Amino acid sequence: MKMTRTIQHTREQIKSWKKDGYSIGFVPTMGYLHEGHQSLMEKSIQENDKTVVSIFVNPMQFDNPDDLKNYPINPLADMELCDKAGVDLIFSPGVDEVYEKGFCTFVDMSVLTEELCGKSRHNHFRGVCTVVNKLFNIVAPDFAYFGQKDAQQLLVIKKMVKDLNMDLEIVGCPTVRESDGLAKSSRNTHLNPEERKAATILSKAIFEGKNLIESGERNIEKVVAAMKSILQTEPLAKIDYVEIVDGNTVQKIETLQGSVLGQAAIFIGKVRLIDNFIYEV
């Protein structure tokens with residue numbers, strides 16, 4: 001496994017592989033890797049000749065300076081997991097390498113970024129789109145892999161790739177969960193034991209929403225109310241939002257039909273957690 005710190009060295013390696021006819025799979029991450037990231041790597045390794053993982057904590061997508069400051073990092077563990085999985089290259093640049101002095105170009109999006117997390121996380125998706133666009137330009141992958149836990153982000157990235165005519169395919173991969181149902185997330189490490197136990201209320205609400213629809217319930221208000229009712233049984237949980245929207249456009253819907261996305265965000269203490277279900281009605 002190789003590691004690069006600069007855009008130049010990364011491009012040189014990618015060009016060498018492409019010259020030899022190798023396909024490139026790409027997994028963008030912010031580090032502190034877990035089994036969810038590993039599942040993306042394994043999918044990429046299975047489907048491509050070479051797999052590249054980027055590790056970069058993107059300051060542009062944080063609207064809270066404390067959130068950025070407290071984001072967990074463990075470079076040695078990240079390298080070990082990538083090496084064990086069979087990754088070919090880690091691209092781990094510094095902030096100054098990605099955003100040179102005077103940087104003032106951004107990739108923004110409307111519609112898909114205005115609902116759900118976009119309401120409370122101002123400029124978050126502008127930061128995501130900008131850095132992912134840059135990473136795609138650097139790595140030039142054939143396929144890029146993202147987890148469905150961040151369902152809105154996955155839809156945003158797919159739309160960006162389509163709208164900007166990027167020559168790659170985005171692959172969404174299933175959410176990986178803990179044995180008690182909690183979705184794997186780097187943020188889980190910020191939870192103390194009591195908060196960690198309380199956090200399982202989120203997946204319980206998500207499972208209930210999906211089960212109701214699977215059982216034939218078609219009243220959106222009733223499904224959302226049932227999910228909120230479960231969340232409200234946990235004193236440590238503060239609801240940010242619970243919504244069911246169109247699974248392709250992230251816009252509000254009046255009837256349950258076609259692809260639907262049910263998503264919830266809560267705070268457990270200072271930690272914000274999200275989870276979702278996608279269902280084809």
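How many times 2.2 N^0.38 Å is the alpha carbon radius of gyration of the range 1-145? Intermediate values should be presented prior to the final figure.
Numbers: Rg = 15.5 Å, N = 145, 2.2 N^0.38 = 14.6 Å.
Taking N as the residue count of the range 1-145, the ratio is 1.06.
Could you please state, rounded to a whole Å, how far the C-alpha centre of the range 105-169 is from the C-alpha centre of the range 11-35? Taking the Cα centre of the range 11-35 as reference, the centre of the range 105-169 is 18 Å away. Considering only 38, 61, 46, the mean-square fluctuation computed in a Gaussian network model of the chain, springs between alpha carbons under 10 angstrom, is largest for 46. GNM on the chain, alpha-carbon springs under 10 angstrom: the most fluctuating residue among 104, 129, 117 is 104. Under a Gaussian network description of the chain, with springs only between Cα atoms under 10 Å, the residue in 201, 90, 213 that fluctuates furthest is 213.
Taking the 1.4 Å solvent-accessible surface of the chain as the whole, the part contributed by carbon and sulfur is 47%.
Here's the picture: a label point sits 7 Å out from the Cα of residue 46 along the beta-carbon direction, and within the range 164-180 the residues with their amide nitrogen under 18 Å of it are 169-177. Rounded to the nearest 0.05, the FRET efficiency derived from the C-beta distance between residue 218 and residue 241 at R0 = 22 Å is 0.55.
Solvent-accessible area per residue for the chain at a 1.4 Å probe radius, Å²?
Working: 13890 Å² over 281 residues.
Per-residue value: 49 Å².
Solvent-accessible surface (1.4 Å probe) assigned to residue 11 amounts to roughly 100 Å².
Relative to the longest principal axis of the Cα atoms of the chain, the long axis of helix 7-19 lies at roughly 80 degrees.
Helix 124-139 and the longest principal axis of the Cα set of the chain meet at an angle near 30°.
Taking DSSP loops as anything outside H, G, I, E and B, show the longest stretch in the chain free of GluC sites (Glu not before Pro) there with at most 11 other beta carbons within 10 Å.
Values: sites that count: 100, 254.
No qualifying site falls inside 101-253, the longest such stretch.
Projecting the Cα atoms of 31, 56, 1 onto the charge dipole of the range 1-100 (Cβ charges, centred on the Cα centre) puts 1 farthest toward the positive pole.
Quick check: with the 1.4 Å probe, what order do 122, 34 take by accessible area, largest first?
Values: 122 125, 34 35 Å².
If we order 122, 34 from most to least accessible, we get 122, 34.
When only the heavy atoms of the protein chains count and the probe is 1.4 Å, how do 275, 240 rank by accessible area, highest first? Working shown, then result.
On the way: 275 0, 240 50 Å².
Ranked from most to least accessible, the order is 240, 275.
The values are calculated or read from the model by the stated rules, or taken from the named source; none is laboratory data. All values derive from a computational prediction rather than experimental measurement. Positions of Cβ are generated from backbone atoms using ideal geometry, with glycine treated the same way; all protein chains shown enter the neighbour counts. SASA here: full protein model, heavy atoms, side chains in, ligands and nucleic acids out. Shrake-Rupley method; radii C 1.70, N 1.55, O 1.52, S 1.80 Å.
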